[in-house]
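> Sharing a structure here in structure tokens format.
We did not get these values from a lab; they are worked out from the coordinates using the rules stated. Treat the numbers as computed from the prediction; the structure is a model and nothing was measured. For neighbour counting, all protein chains shown are included, and Cβ atoms are generated from backbone atoms with ideal geometry for every residue, glycine included.
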Amino acid sequence: MGARTLRCELLREGIHVGRHDVRTLMRRVALEALGPKPGTS
């Protein structure tokens, strides 16, 4: 789940927070978005 998706989920629960704030908090707690990683082969 990325910062945008997490922000939308928080808004649905009534927590108003910006996407950049969510991204900063994700970095602080070492969360990474689930998504394709670059191919290095």
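> Please go through the chain and pick out each residue that is of a type in the set (Ser, Thr, Tyr) and part of a helix (DSSP H, G or I).
Thr5, Thr24
Rundown of residues vs (1) in contact with a Ser or Thr (Cβ under 8 Å, 6 or more places away or on another chain); (2) surrounded by fewer than 13 Cβ atoms within 10 Å (Cβ to Cβ); (3) of a type in the set (S, T, N, Q); (4) in contact (Cβ under 8 Å) with a residue 24 or more places away in the chain, yes/no style:
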{"position": "Arg4", "(1), (2), (3), (4)": "no, yes, no, no"}
{"position": "Arg7", "(1), (2), (3), (4)": "no, no, no, no"}
{"position": "Leu11", "(1), (2), (3), (4)": "no, yes, no, no"}
{"position": "Gly14", "(1), (2), (3), (4)": "no, yes, no, no"}
{"position": "Arg28", "(1), (2), (3), (4)": "no, yes, no, no"}
{"position": "Leu31", "(1), (2), (3), (4)": "no, no, no, no"}
{"position": "Thr40", "(1), (2), (3), (4)": "no, yes, yes, no"}
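> Taking only region 10-28 into account, find how many residues are of a type outside the set (A, V, I, L, M, F, W, C) and more than 10 Å from the chain's Cα centre (by Cα).
First, the residues of region 10-28 that are of a type outside the set (A, V, I, L, M, F, W, C): 12-14, 16, 18-21, 23-24, 27-28.
Next, from what is left, pick out any that are more than 10 Å from the chain's Cα centre (by Cα): 12-14, 16, 18, 28.
Selection size over region 10-28: 6.
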